[in-house]
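Below is one structure, written out as structure tokens, with a few remarks after it.
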Amino acid sequence: MTARIAIVTTLEMSVPDADEDLLLPLLPEAALVAWDDPAVEWAAFDVAILRSTWNYHDHLDAFRAWARRASSVTRLLNPVPTLEWNTDKRYLADLAAAGFPVVPTTFVAPGEAVPDDAVVGLGAHLVVKPSVGAGSNGARLFDGDPDGAAAHVAALHAQGKVAMLQPYLAEVDTAGETALIYLGGRFSHAARKAAILSRDMSWETGLYADEKVVATTATPAERDLADRIVAALPGLGHPDLAYARIDLLPTPPGPVVLELELTEPSLFLGLDPEAPARAAATFRALLPLP
Ligand SMILES: Nc1ncnc2c1ncn2[C@@H]1O[C@H](COP(=O)(O)OP(=O)(O)O)[C@@H](O)[C@H]1O
Ligand SMILES: [Mg+2]
């Protein structure tokens, strides 16, 4: 069968990821192709679905340029305006403006100084990470070490990156992070991710940090928040999402948004026996009738 669906990865992935291993056998009309492979003819596919393009944050301009080119000859999902918005965590400010609870965040662009009140106000446990990043790249925790935090901000600035400062939400150490996965706008399943940052670890190499992820049941508050965000996305300019993952952290008053994964999230399809078939059906339904 000629492939009509491109499942998009990167040349830097030597083998399919766990989701692709489960999905591809259920989707014979799909082929695994790399966004950074110049030989791919994107026009040959009816639909191209971003999946394991996990090196994009190191090549953001090239990735965005490729996405615009590909989307002019095939249906690229998620859509380009969503990718452009979602590849920079400054979208958290838009979510906050829309009334959703997000991790309190101070963004500091190259050339700007860290506001004093940001460090004091955020407390002794501080997370510093780049606004463009994935797989925990460049994310570090500073425990009572404002000088270390400032040095990491400077290092990110030297790479031309916008730095983000957040309080370390310590409930993640016990309760973990909850990822709610939506396929075609409908809730599919949830995953619990153990805390990744620790005081003595800096994670700087490789495509992504090792994650401990297990199946979980989202709490009613988590489900309500994630459902409301997914319902609000079309109104925020983001209709037609093939997939979405809403990552939440617990706080005493309730869950808050850590990130919105609309670009290339792991969907943790292996955590729900029904999820691989659900994903295959969702992606197949994107095809135009033959
Ligand atoms: N403010 C925070 N409080 C607690 N943990 C955090 C915070 N920010 C990041 N982390 C930890 O770092 C990991 C990576 O950060 P995240 O914002 O999800 O970026 P990425 O896009 O790299 O996944 C998270 O999964 C979480 O374990
Ligand atoms: Mg994350």
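The values are calculated or read from the model by the stated rules, or taken from the named source; none is laboratory data. Remember, it's a predicted structure, so these values are computed and weren't measured experimentally. Every residue, glycine among them, receives a Cβ derived from its backbone with ideal geometry; neighbour counts consider all protein chains shown. Note: areas computed on protein heavy atoms with side chains; ligands, DNA, RNA excluded. Shrake-Rupley method; radii C 1.70, N 1.55, O 1.52, S 1.80 Å.
If the condition is being of a type in the set (A, V, I, L, M) and under 30 Å from A280 (Cβ atoms), then the stretch 150-184 contributes A179, L180, I181, L183.
Does the stretch 68-86 contain any residue that is open to solvent by less than 30 Å² (accessible area, probe 1.4 Å) and more than 22 Å from T282 (Cβ to Cβ)? No, every residue in the stretch 68-86 fails to be open to solvent by less than 30 Å² (accessible area, probe 1.4 Å) and more than 22 Å from T282 (Cβ to Cβ).
The listed residues are A231, A218, A191, A179, and the only one of them that is open to solvent by 50 Å² or more (accessible area, probe 1.4 Å), among the aliphatic types (A, V, I, L, M) and modelled with pLDDT of 95 or more turns out to be A231.
Kindly indicate whether any position in the stretch 106-126 is aliphatic (A, V, I, L, M), modelled with pLDDT of 95 or more and either assigned to a helix (DSSP H, G or I) or open to solvent by 60 Å² or more (accessible area, probe 1.4 Å) (or both).
Looking only at the stretch 106-126, we keep the residues that are aliphatic (A, V, I, L, M), and these are 108-109, 113-114, 118-120, 122, 124, 126.
Of the ones still in play, those that are also modelled with pLDDT of 95 or more are 108-109.
So of that shortlist, the ones also either assigned to a helix (DSSP H, G or I) or open to solvent by 60 Å² or more (accessible area, probe 1.4 Å) (or both) come out as none.
No, the stretch 106-126 has no match at all.
Scanning the stretch 99-152 for residues that are of a type in the set (S, T, Y) and within 16 Å of ligand 2 (Cβ to nearest atom) gives T105, S131, S136.
All conditions in (1) modelled with pLDDT of 95 or more; (2) under 20 Å from V103 (Cβ atoms); (3) among the β-branched types (V, I, T) hold for V172, with the sole exception of (1). Looking only at residues in the stretch 234-263 that are buried (at least 18 other Cβ atoms within 10 Å of the Cβ) and of a type in the set (G, A, S), the one that is farthest from ligand 2 (Cβ to nearest atom) is A242.
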